[in-house]
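Below are the C-alpha cells for one structure; questions will follow.
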Amino acid sequence: GPKQAQAIRKERAKKEFSSFQDFCTRVKIDRKLLAKLVLVGCFDSLAEKKEKLFSHLSFQPPENGTYLPSRSLHEKIALEMSILGFSLSAHPITLFRNVFEEHERVKSSELAHFCEHEKVKVAGVKVILHTPPTKSGKRVIFVTMEDEDGLIDTVIFPAVQESYAKVIYEADFLLLEGHIKKYGRATSIVVEKAYDLQEML
C-alpha cells in the first residue's frame, strides 16, 4: 500500500539496499507483499536468484516459471499489473504499440500544440472517472487517462454515451477519438468515439 511504498522510498533515500536481507531488516512489510515484489523482479538488481529469495520467505517458487528473467517486456508488464496493480518495467500503455501503428494517436505531451476543434485520437490507462451533477440534470462523464507522458482530460456528453458508455465505464485501457477543446492553457478532448484497447490487440 501507499504507506509501505513510502517506507521503501524513505529507506532507499538514506542508503541503497545492499542485499535482500538488508531490505528486510530496514523495511518492515507484509511477507505476502514481499513475495509479490520478488515475483515481479524488484530485487533482480541485487543479483540474487528468485528461488533463493523465496526460500528466505518460506514460500514455494511458482511452478510455471512466471518469475524467470526470460519473460518478454509485455509478459513482465502484464504480470506486474496483475500482481501489483501497476507496472515497474514500463508504462502499461506500451502493451498496445501494435495498435498504435494502425491507429495514430497523440500523446499527452503533444496536445498543447493542437488547435481548437482539431480531431485527435488519444489513448491511456483510465485513472479517474466521475459524473458530477449538472444544472440540466443530464449526465456528463469526465475521464482522466494517463499515457507514458502524462495525463489526458476528456469529457463525454450524453449523445455519445448512448453508444459508448459501456466501454467507457468498463474498459481499463481506452482509445478515445474526438476534438480539442481549449480552456485557457488547459486542453481537453471532447470524445466522439471510444474503444477498449484490449479488444483491439
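Among residues belonging to segment 192-201 that are more than 14 Å from Gly124 (Cα to Cα) and assigned to a strand (DSSP E or B), point out the one that is least open to solvent (accessible area, probe 1.4 Å).
If we take residues in segment 192-201 being more than 14 Å from Gly124 (Cα to Cα) and assigned to a strand (DSSP E or B), then Glu192 is least open to solvent (accessible area, probe 1.4 Å).
Just give me the residues in segment 169-190 being open to solvent by less than 80 Å² (accessible area, probe 1.4 Å) and either assigned to a helix (DSSP H, G or I) or free of Cβ contacts under 8 Å to residues at least 40 places away in the same chain (or both), in sequence order. Break it down stepwise before answering.
First, the residues of segment 169-190 that are open to solvent by less than 80 Å² (accessible area, probe 1.4 Å): 171, 173-182, 184, 186-190.
Scanning segment 169-190 gives Gly184, Ala186, Ser188, Val190.
Every residue in segment 108-142 that is without any contact (Cβ under 8 Å) to a residue 40 or more places away in the chain, open to solvent by less than 70 Å² (accessible area, probe 1.4 Å) and polar (S, T, N, Q), please. Spell out the reasoning first.
From segment 108-142, those without any contact (Cβ under 8 Å) to a residue 40 or more places away in the chain are 110, 113, 127-128, 130-142; that's our starting set.
Now drop any that are not open to solvent by less than 70 Å² (accessible area, probe 1.4 Å), which leaves 131-132, 134, 137, 140-141.
Scanning segment 108-142 gives Thr131, Thr134.
Looking only at residues that are of a type in the set (D, E, K, R) and in contact (Cβ under 8 Å) with a residue 24 or more places away in the chain in segment 1-32, which one is nearest to Asp44 (Cα to Cα)?
Within segment 1-32, the first condition is being of a type in the set (D, E, K, R), and the residues that meet it are 3, 9-12, 14-16, 22, 26, 28, 30-32.
From the residues that got through so far, the ones that are in contact (Cβ under 8 Å) with a residue 24 or more places away in the chain too are 30-31.
On the way: Asp30: 19, Arg31: 18 Å.
Of everything passing the filter in segment 1-32, Arg31 is nearest to Asp44 (Cα to Cα).
For Glu102, are the conditions met, namely being at pLDDT 95 or above and either out of contact with any Gly (no Cβ under 6 Å at 6 or more places or on another chain) or within 14 Å of Val190 (Cα to Cα) (or both)?
On the way: at pLDDT 95 or above: no; either out of contact with any Gly (no Cβ under 6 Å at 6 or more places or on another chain) or within 14 Å of Val190 (Cα to Cα) (or both): yes.
Taking the combined requirement at face value, the residue does not satisfy it.
In segment 143-168, how many residues are surrounded by 13 or more Cβ atoms within 10 Å (Cβ to Cβ) and either within 18 Å of the chain's Cα centre (by Cα) or closer than 18 Å to Ala112 by Cα (or both)? Please lay out each step first, then the result.
Applying the first criterion (surrounded by 13 or more Cβ atoms within 10 Å (Cβ to Cβ)) to segment 143-168 yields 143-149, 152-158, 160-161, 164-165, 167-168.
From the residues that got through so far, the ones that are either within 18 Å of the chain's Cα centre (by Cα) or closer than 18 Å to Ala112 by Cα (or both) too are 143-149, 152-155, 167-168.
Residues that pass the stated criteria total 13.
The values are calculated or read from the model by the stated rules, or taken from the named source; none is laboratory data. Only a predicted model underlies this, so the values are computations on that prediction, with no experimental measurement involved. Backbone-built Cβ (ideal geometry, glycine too); neighbour counts: all protein chains shown. Only protein heavy atoms, including side chains, enter the accessible area calculation; ligands, DNA and RNA are left aside. Shrake-Rupley method; radii C 1.70, N 1.55, O 1.52, S 1.80 Å.
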